[in-house]
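A.B. asks: Next up is a structure, given as structure tokens.
The values are calculated or read from the model by the stated rules, or taken from the named source; none is laboratory data. This is a predicted model, so every value here is computed, not measured. Methodologically, a virtual Cβ is constructed for each residue, glycine included, from the backbone with ideal geometry; neighbour enumeration extends over all protein chains shown.
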Amino acid sequence: MIRNNPKKWAMWLTTALALAAALLIVSSCAKPTAEIVEKIVTQEVVVEKEVTREVAVEKVVTQEVEVEVTRVVEVEVAPEMPPGPEVPFLEMWAGSGHADAEAEAFRHWDEDDPQEVSTSCAKCHSSYGYLDFLGVDGTAAGTVDNPAAVDSIIDCVTCHNAGTVAMTSVIFPSGVEVTGLGAEARCMQCHQGRASFATVDNAIAEAGLTDVDTVSEDLGFSNIHYYAAAVSLYGDVVKGGYEYEGKAYDAKFDHVAGFDTCIDCHSPHTLELRVEACAECHTGVAGQENLMNIRMIGSLVDYDGDGDAEEGIYYELEGMRDMLYQAMQAYGNEVSGAAIAYDSHSYPYFFIDTNANGTVDEDEAVRDNGYNAWTARLAKAAYNYQTSLKDPGAYAHGGKYIIQLLYDSIEDLNAALSSPVDLSSANRIDHGHFAGSEEAFRHWDEDGEVSGSCARCHSAAGLPLYIEEGAEISQPIANGLNCATCHDDLVTYTRYEVGAVEFPSGAELDTGNPDSNLCLNCHQGRESTVSVNARIGEAEDDAVTEGLSFANVHYFAAGATLFGGEAQGAYQYEGKEYAGRFEHQAPFTACIDCHSTHALEVEVEACGMCHAGVESKEDLAAIRIAEADFDGDGDTTEGIAGEIETLYEDLYAAIQAYATDTVGTGIVYNAHRYPYWFTEGEERYSTWTPRLLRAAYNYQYVAKDPGAFAHNGTYIIQILYDALEDMGADVSAFVRPEA
């Protein structure tokens, strides 16, 4: 059939388009036909020029005759037809997988009876089926109503029609609908797989399994299918992998602007990667094979624990997958009671390893030998193993999501193994700014966007907008910060130049270092002495005040701590003097002098250059310069962190005593649960007095800056001392440092 041959199909398509154009031209030029009366010629007319059409005659004779015409009229002749239109991108498409009429993707159903592509497959393995799904053939949209003929490929009309032009959303197998899409929606309708976590869970439920390690003959393997690139790309948003309960996962992988959709990175006609575009940012990329070596500077952990934290993400995935396969085979032997092996080229992929040699031999790769000792635990892991393999570009589409799926699968299998696979050196997530699976970026998933009040520091694009425009508006949900968050040029990687920064108190402060100022835009907290006083108003110190609520400074207000009394980040009591900016010794005066720019970790080796005995992060807590015994415990050798810890514990005791004795409602603190302060019955604490609020605010302030002892220990001791004193605690043994 002609649609089985891309070259003939291309010629047919070109001719069809040309004829269509010709018809339009002829119809537009047509005039009323002039009436011509002539005698019927019953002989053959001999002329000295080529005859271009055949004429039906009644009789043929050999002699020449004259033709009598009763009258001569002038007939307007249609102009000569121009060449047919050239089909754009035809040659590019003809060499693609979409045009390969002999491929298994189009020939799989040739031996079926009847010979047709089933409704469950036609959407993506037939042009007819895709058009049926879109509803442009007159059938209902959103489903394939009829089997498709086996004589089609993915041609021009498959993707270029009224249905695809209007399509802006895609529903995934999990039931999740991704909206607001452009032309990439055409790709994602098929490159989304055919299963999800729900498929696996439903299969387990239908098998009646309640114990995860019980073998069931009613449970089989759930197959995601081929090239599910959108699953890797969108991660937790579409839940295409098996996500374990209680775990958080990366969402959509955000590439840089201009390269964030399928057709930004792939030619929609050849399907090939635009490698030359990759090379604009990724050095060393000369061909597609070089892409496997790409690893961004934000990926500083060794995911697979092999000691190589510089290899490409492709190889990290490969290492994690090998570890999972090891765990699956150990589980098959120890728990399921049947050795398991995998072959990516033979359905149903997982087989009984009859000779226990760890691989699928030719005689084992038959359907009747398909693995049949499935448990719920093994089915989940096998699904994720297959998911990681069936998208060959997973390392680029959403490598961290796949790493998390593999890690969690290993961890889950380990729970049932007597000799677990060693994960001690492996890593599941990145450092803070790039940990897309964590609460700092996932908090807004159900909202659909990051609110304007949070977008500056919890979205990828919020900070650049604030720096350039001074605006804070809602932003798309992010999967962590990205290069463009801090770098204004992604070729030279220069950073935004930032001058003085406004703090929540209204103070405008400048470290003198643009890079440090860049950090301070977020690491400044969200409250201050000013905002706490505004909440309190004219209320009396010990009066339970209706409407008064806790003020939360927020996380990691290191910049406010650094500037101390100048920023007024903690609550500063009236009549007291406070230390200003803590000046460290040069050359360690900027944020990135002491912290790794991307890993954010403290540069411990640099600290050890001056501070004897510092060899690890834990050793930092032992550093002290002052000689005074600030907490009055008699120990003047402990680090400043130890001095702060005692005062911090004493303040909590004072807060609880005050709440019980003065307010009449006990209070407890939970650093990991909003709004942090609760009644003893675990209800939100609501009976605040101004005095209690001030003390609780300072307690939370210290908790939320874990490096406060190093950023400005003097200031922290002062605000703890003053809070204790205001609460009526005995501070006679304590020493308040001078400002």
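A.B. asks: Taking ALA338, is it part of a loop (DSSP other than H, G, I, E, B), of a type in the set (A, V, I, L, M), touching a strand residue (DSSP E or B) at 6+ places or on another chain (Cβ under 9 Å) and at pLDDT 95 or above?
C.D. replies: So ALA338 fits the description; yes.
A.B. asks: I'd like to know if segment 539-559 contains one or more residues that are farther than 26 Å from TYR685 by Cα and at pLDDT 95 or above. Walk me through it before giving the result.
C.D. replies: Let us first name the residues in segment 539-559 that are farther than 26 Å from TYR685 by Cα, namely 558-559.
With at pLDDT 95 or above added as a condition, the list becomes 558-559.
For segment 539-559, residues farther than 26 Å from TYR685 by Cα and at pLDDT 95 or above: present.
A.B. asks: Still on this model: Name the residue that is nearest to ILE717 (Cα to Cα), counting only residues in segment 555-585 that are crowded, with 24+ Cβ neighbours inside 10 Å and among the aromatic types (Phe, Trp, Tyr).
C.D. replies: Top of the filtered list is TYR571.
A.B. asks: Then there's this: Could you list, ordered by first residue, the pairs with Cβ atoms under 6 Å in which the first is in segment 494-515 and among the acidic types (Asp, Glu) and the second is modelled with pLDDT under 95, at least 6 apart or interchain?
C.D. replies: From segment 494-515, the pairs are ASP515/ILE592.
A.B. asks: Here's something else I'd like to know. Being within 30 Å of PHE434 (Cβ to Cβ), surrounded by fewer than 18 Cβ atoms within 10 Å (Cβ to Cβ) and out of contact with any Lys or Arg (no Cβ under 6 Å at 6 or more places or on another chain) is the requirement here; does GLU272 meet it?
C.D. replies: Against the criterion (within 30 Å of PHE434 (Cβ to Cβ), surrounded by fewer than 18 Cβ atoms within 10 Å (Cβ to Cβ) and out of contact with any Lys or Arg (no Cβ under 6 Å at 6 or more places or on another chain)), GLU272 qualifies.
A.B. asks: Another question, if that's okay. Are there any helices (runs of 4 or more DSSP H) wholly within segment 623-739 with 3 or more residues that are crowded, with 17+ Cβ neighbours inside 10 Å, modelled with pLDDT under 95 and of a type in the set (Ser, Thr, Tyr), and if so which?
C.D. replies: Answer list for segment 623-739: none.
A.B. asks: What number goes with the only condition from (1) among the hydrophobic types (A, V, I, L, M, F, W, C); (2) within 47 Å of the chain's Cα centre (by Cα); (3) under 30 Å from ASP541 (Cβ atoms) that LEU620 does not pass?
C.D. replies: (3)
A.B. asks: Among the residues of segment 524-582, write down those that are over 25 Å from THR511 (Cβ atoms) and acidic (Asp, Glu).
C.D. replies: GLU538, GLU540, ASP541, ASP542, GLU546, GLU574, listed by residue number.
A.B. asks: Separate question: Could you list, in sequence order, the residues of segment 468-482 that are assigned to a helix (DSSP H, G or I) and buried (at least 18 other Cβ atoms within 10 Å of the Cβ)?
C.D. replies: None; the set is empty.
A.B. asks: Here are GLU334, GLU310: which of them is over 22 Å from SER437 (Cβ atoms), within 29 Å of the chain's Cα centre (by Cα) and among the acidic types (Asp, Glu)? Step through it out loud before you land on a result.
C.D. replies: Values: GLU334 fails: within 29 Å of the chain's Cα centre (by Cα).
That would be GLU310, the only listed residue that is over 22 Å from SER437 (Cβ atoms), within 29 Å of the chain's Cα centre (by Cα) and among the acidic types (Asp, Glu).
A.B. asks: Any residue in segment 682-702 that is closer than 12 Å to ASP722 by Cα and outside the structural domain of ALA534 (by TED's automatic domain parsing) sitting within a Cβ distance under 8 Å of a residue that is modelled with pLDDT under 95 and assigned to a helix (DSSP H, G or I)? List the pairs, counting only those 6 or more apart or interchain.
C.D. replies: If the second residue must be modelled with pLDDT under 95 and assigned to a helix (DSSP H, G or I), no pairs are left.
A.B. asks: Check off (1) part of a loop (DSSP other than H, G, I, E, B); (2) over 20 Å from GLN524 (Cα atoms) for ALA606 and give me the number that stays unchecked.
C.D. replies: Only one criterion in (1) part of a loop (DSSP other than H, G, I, E, B); (2) over 20 Å from GLN524 (Cα atoms) is unmet by ALA606, namely (1).
A.B. asks: Please tell me if SER549 is of a type in the set (S, T, N, Q), crowded, with 16+ Cβ neighbours inside 10 Å and in contact (Cβ under 8 Å) with a residue 24 or more places away in the chain.
C.D. replies: Working: of a type in the set (S, T, N, Q): yes; crowded, with 16+ Cβ neighbours inside 10 Å: no; in contact (Cβ under 8 Å) with a residue 24 or more places away in the chain: yes.
Taking the combined requirement at face value, the residue does not satisfy it.
A.B. asks: Being part of a loop (DSSP other than H, G, I, E, B) and of a type in the set (A, V, I, L, M) is the filter here; which residues of segment 609-622 pass it?
C.D. replies: Scanning segment 609-622 gives MET609, ALA612, VAL614.
So that you can scan it fast, the table gives a plain yes or no per residue for (1) without any contact (Cβ under 8 Å) to a residue 12 or more places away in the chain; (2) touching a Lys or Arg at 6+ places or on another chain (Cβ under 9 Å):
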| position | (1), (2) |
| --- | --- |
| VAL532 | no, yes |
| ARG535 | no, no |
| TYR571 | no, yes |
| ALA586 | yes, no |
| CYS594 | no, no |
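A.B. asks: Since GLY307 meets every condition but one in (1) in a loop (DSSP other than H, G, I, E, B); (2) in contact with a helix residue (DSSP H, G or I) (Cβ under 9 Å, 6 or more places away or on another chain); (3) of a type outside the set (Phe, Trp, Tyr), which condition does it not meet?
C.D. replies: That leaves (2) as the condition not met.
A.B. asks: Here are ASP635, ASP650: which of them is more than 44 Å from the chain's Cα centre (by Cα) and among the charged types (D, E, K, R)?
C.D. replies: Numbers: ASP650 fails: more than 44 Å from the chain's Cα centre (by Cα).
Going through ASP635, ASP650 in turn, just one is more than 44 Å from the chain's Cα centre (by Cα) and among the charged types (D, E, K, R): ASP635.
A.B. asks: Can I ask one more? Mind telling me which of the residues ALA251, ALA277 ends up being surrounded by fewer than 17 Cβ atoms within 10 Å (Cβ to Cβ) and either touching a helix residue (DSSP H, G or I) at 6+ places or on another chain (Cβ under 9 Å) or outside any loop (DSSP other than H, G, I, E, B) (or both)?
C.D. replies: Of ALA251, ALA277, the one residue that is surrounded by fewer than 17 Cβ atoms within 10 Å (Cβ to Cβ) and either touching a helix residue (DSSP H, G or I) at 6+ places or on another chain (Cβ under 9 Å) or outside any loop (DSSP other than H, G, I, E, B) (or both) is ALA277.
A.B. asks: Additional query: Give THR662, THR646, THR636 a once-over and let me know the one that is polar (S, T, N, Q), without any contact (Cβ under 8 Å) to a residue 40 or more places away in the chain and farther than 16 Å from ALA708 by Cβ. Lay out the reasoning, then the answer.
C.D. replies: Numbers: THR662 fails: without any contact (Cβ under 8 Å) to a residue 40 or more places away in the chain; THR646 fails: farther than 16 Å from ALA708 by Cβ.
Within the list THR662, THR646, THR636, the selection yields THR636.
A.B. asks: With within 24 Å of the chain's Cα centre (by Cα), among the small types (Gly, Ala, Ser) and surrounded by fewer than 20 Cβ atoms within 10 Å (Cβ to Cβ) as the only criterion, which of GLY180, GLY235, GLY193, GLY220 stands out? Can you show your working first?
C.D. replies: On the way: GLY235 fails: surrounded by fewer than 20 Cβ atoms within 10 Å (Cβ to Cβ); GLY193 fails: surrounded by fewer than 20 Cβ atoms within 10 Å (Cβ to Cβ); GLY220 fails: within 24 Å of the chain's Cα centre (by Cα).
Result of the check over GLY180, GLY235, GLY193, GLY220: GLY180.
A.B. asks: It is to be established whether one or more residues within segment 310-325 are surrounded by fewer than 15 Cβ atoms within 10 Å (Cβ to Cβ) and assigned by TED's automatic domain parsing to the domain that holds ALA277.
C.D. replies: Yes.
A.B. asks: Same structure, new question: Does ASP145 qualify as being among the acidic types (Asp, Glu) and surrounded by fewer than 19 Cβ atoms within 10 Å (Cβ to Cβ)?
C.D. replies: Yes: the conditions hold for ASP145.
A.B. asks: Look at TYR371 and say whether it is of a type in the set (Ser, Thr, Tyr) and in contact (Cβ under 8 Å) with a residue 60 or more places away in the chain.
C.D. replies: On the way: of a type in the set (Ser, Thr, Tyr): yes; in contact (Cβ under 8 Å) with a residue 60 or more places away in the chain: yes.
The answer is yes for TYR371.
A.B. asks: Assigned to a helix (DSSP H, G or I) and in contact with a Cys (Cβ under 7 Å, 6 or more places away or on another chain): is that true of SER531 in this structure?
C.D. replies: no
A.B. asks: Looking at segment 442-453, which of its residues are surrounded by 19 or more Cβ atoms within 10 Å (Cβ to Cβ) and not β-branched (Val, Ile, Thr)?
C.D. replies: Within segment 442-453, ARG442, TRP444 meet the criteria.
A.B. asks: Of all residues being farther than 21 Å from LEU481 by Cα and buried (at least 17 other Cβ atoms within 10 Å of the Cβ) in segment 293-305, which is farthest from the chain's Cα centre (by Cα)? Just the residue, please. Can you show your working first?
C.D. replies: Start the filter on segment 293-305 by keeping residues that are farther than 21 Å from LEU481 by Cα, which leaves 293, 304-305.
Still in the list and also buried (at least 17 other Cβ atoms within 10 Å of the Cβ): 304-305.
Numbers: ASP304: 20, GLY305: 23 Å.
This residue is GLY305.
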